[in-house]
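Here's the structure, in structure tokens; my notes come after.
The values are calculated or read from the model by the stated rules, or taken from the named source; none is laboratory data. In this text, all values refer to a predicted model and were calculated from it rather than measured experimentally. In this analysis, Cβ positions are derived from the backbone assuming ideal geometry, glycine residues included, and neighbour counts consider all displayed protein chains. Surface accessibility is based on the protein's heavy atoms, side chains included, excluding ligands, DNA and RNA. Shrake-Rupley method; radii C 1.70, N 1.55, O 1.52, S 1.80 Å.
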Amino acid sequence: MNDIQMGQTHIVLLQGDITVQHVDAIVNAANSSLLGGGGVDGAIHRAGGSAILEECQQIRNRQGGCPTGEAVITTAGRLPAKHVIHTVGPVWNGGSNHEQQLLAQCYSHSLQLADEHQLTSIAFPNISTGIYHFPKKEAATIALNTVKEYIEQHPATSLKQIMFVCYDADNLSLYQQQLQAMNV
Ligand code: AR6
């Protein structure tokens, strides 16, 4: 199963590169410095150009970076998306350091920020499941459950489409299984 309707919002799964998505916002799996890095963060800054980093630096000057579980919004520079929402996932450290709760907050805070800016579409990568080593299955469950809860709690959300852009086949398959199991 690759898509589902939840309230007024269409949830879509796909495998691919988030930097080429034509949506109001793509979400970046950033780090607290907001200065870029490897993985999807590196790909977004490379493809979007220096305008993204310049805005990240302004945010750093104002608030000193971005804590884990929080989110900030910038331009998307040269990307086809209009904005980048940078969120900082938890580093997996065994699961007893609030990793699950912090990962859920990445999704809910990104959705909240999108709503505040009246965005209609957003694309998420599989936050924390790369360099930060969060177990993929548990991360997929948290991502989809958090989105479901958000939509239930915000029936008037501006978001009409929420995409999960899985880079690897593993993640796509886990999201498909999870979506099927949700029985929405
Ligand atoms: N499009 C979609 N997903 C991608 C792409 C892409 N172009 N490239 C990688 N992924 P990661 P994290 C997937 O490591 O685990 C950075 O250095 C990847 O396969 O990008 O949250 C930051 O600066 C994986 O499933 O992010 C932080 O320091 C997912 O994106 C740190 O990595 C997330 O993997 C954050 O680690």
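For (1) open to solvent by less than 60 Å² (accessible area, probe 1.4 Å); (2) among the β-branched types (Val, Ile, Thr); (3) in contact with a strand residue (DSSP E or B) (Cβ under 9 Å, 6 or more places away or on another chain), each residue gets a yes or a no:
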{"residue": "THR120", "(1), (2), (3)": "no, yes, yes"}
{"residue": "ALA123", "(1), (2), (3)": "yes, no, yes"}
{"residue": "ILE131", "(1), (2), (3)": "no, yes, yes"}
{"residue": "VAL147", "(1), (2), (3)": "yes, yes, yes"}
Taking segment 1-42 and keeping residues surrounded by fewer than 17 Cβ atoms within 10 Å (Cβ to Cβ), part of a loop (DSSP other than H, G, I, E, B) and not small (Gly, Ala, Ser) leaves MET1, ASN2, GLN8, ASP17, HIS22, LEU35
For segment 43-67, the count of residues that are within 15 Å of the ligand (Cβ to nearest atom), open to solvent by 60 Å² or more (accessible area, probe 1.4 Å) and either in a loop (DSSP other than H, G, I, E, B) or in contact (Cβ under 8 Å) with a residue 60 or more places away in the chain (or both) equals 1
query: Right, GLU70: open to solvent by 40 Å² or more (accessible area, probe 1.4 Å) and acidic (Asp, Glu) or not?
result: yes
Boolean, THR120 is β-branched (Val, Ile, Thr), at pLDDT 95 or above and more than 16 Å from the ligand (Cβ to nearest atom): yes
